[in-house]
Amino acid sequence: MVRKKIDYSLAKKISQNAALTEQLHVAEKNPESIVEIPLYKLQSNPYQPRIEMNHEQLRELSESIEQNGLLQPIVVAKDGDVLTIIAGHRRAEAHKMLGREMIRAIVMDKVVHAQLALLPLVENLQRSDMDPIENAIAFKKILDDNIVESQNELAEKVGVSKSWLSKTLSILRLPSSLLSKIQADHYSDITVLSALNKVPEEQLDKVYGSIKTMQRNDALEAIKKVISKPTKSKENIVVLKNKVVINTTGLSKEKQDKLKLLLKGIEQLLEK
């Protein structure tokens with residue numbers, strides 16, 4: 001079955017109103033703000049969400065730049081002589097692949113530390129191939145480094161809903177082995193990935209494998225069926241006239257031995 005193309009309209013919609021993009025939009029409309037800068041002077045943004053760069057995609061991008069030129073300049077923050085990339089890490093790498101020394105860029109002055117962390121997230125949310133796991137890691141780093149005081153403040157500054165941010169962060173609670181599979185599959189439905197947290201860990205791989213090609217509603221329904229299945233109690237207690245029976249299925253041997261001793265004591269009391 002062909003995997004349904006994920007609908008990214010929400011990410012595009014929420015990012016359009018993000019407060020931190022206002023300064024960037026003004027700069028983009030002013031040709032005089034675009035300058036040529038040396039690639040060797042650029043340094044990576046430690047808060048850049050796009051962690052891994054696909055070599056094949058970089059090659060395709062470099063070919064496109066070679067044929068059509070750089071359609072959108074990169075964005076950098078200037079702090080003295082330091083130029084930090086805010087948006088355009090892939091475009092800069094593609095220029096290096098082409099052996100070029102200069103790149104067109106919008107240089108933003110007066111970019112505070114918080115903006116350096118948040119602007120790449122806003123830019124990344126507008127991409128159709130955004131990686132929810134990379135975004136989640138970037139969100140968590142901003143929270144861990146106290147760039148903002150709370151999830152609510154982060155959601156407001158980036159321009160996303162609080163529930164959307166919470167779902168995105170919840171993805172990181174999934175096992176690392178499953179996260180690797182999700183990235184390899186380029187699966188991006190945050191609502192479905194967040195719902196997987198409700199599935200018992202021993203069933204996660206199987207459930208993900210079965211739902212990753214489904215449409216969102218079908219995937220959520222499949223997850224709902226898994227988590228709503230009744231489970232047998234491991235400690236089902238039955239009290240008879242002169243006997244107490246406990247179902248020990250699933251208990252460790254140590255706990256079973258302790259229960260046997262307890263049962264024996266109870267039975268002795270009942271016999272008196």
| field | Unmet criterion (only one of (1) surrounded by fewer than 15 Cβ atoms within 10 Å (Cβ to Cβ); (2) under 17 Å from PHE139 (Cα atoms); (3) basic (Lys, Arg)) for LYS224 | value | (2)
| request: May I ask you to list pairs of residues, at least six apart or on different chains, whose Cβ atoms are under 8 Å apart, with the first in the range 137-152 being free of Cβ contacts under 8 Å to residues at least 40 places away in the same chain and the second being in a helix (DSSP H, G or I) and hydroxyl-bearing (Ser, Thr, Tyr)? | output: PHE139/THR168; GLN151/SER166
| said: Return the pair list, or none, for Cβ contacts closer than 8 Å from residues in the range 205-216 that are free of Cβ contacts under 8 Å to residues at least 24 places away in the same chain to residues that are among the small types (Gly, Ala, Ser), at least 6 apart or on different chains. | reply: VAL207/ALA222; SER210/ALA222; ILE211/ALA219; ILE211/ALA222
| task | Mind telling me which of the residues SER161, SER233 ends up being within 25 Å of LEU143 (Cβ to Cβ) and modelled with pLDDT under 90? | result | SER161
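Look through the range 147-172, keep the residues that are aliphatic (A, V, I, L, M) and more than 10 Å from the chain's Cα centre (by Cα), and return whichever of them is farthest from THR191 (Cα to Cα).
Step one: filter the range 147-172 for residues aliphatic (A, V, I, L, M), giving 147-148, 154-155, 158, 160, 165, 169, 171-172.
Okay, now just the ones that are also more than 10 Å from the chain's Cα centre (by Cα), so 147-148, 154-155, 158, 160.
On the way: ILE147: 26, VAL148: 24, LEU154: 19, ALA155: 17, VAL158: 19, VAL160: 14 Å.
Filtering the range 147-172 for residues that are aliphatic (A, V, I, L, M) and more than 10 Å from the chain's Cα centre (by Cα), the one farthest from THR191 (Cα to Cα) comes out as ILE147.
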| query | Tell me, which helices (runs of 4 or more DSSP H) wholly within the range 133-217 include 2 or more residues that are buried (at least 20 other Cβ atoms within 10 Å of the Cβ)? | reply | 151-158, 162-170, 190-195, 204-211
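The values are calculated or read from the model by the stated rules, or taken from the named source; none is laboratory data. Since the model is a prediction, treat every value here as computed from it, not as a measurement. Because the Cβ atoms are built from the backbone with ideal geometry, glycine has one as well, and the counts that use them run over all protein chains shown.
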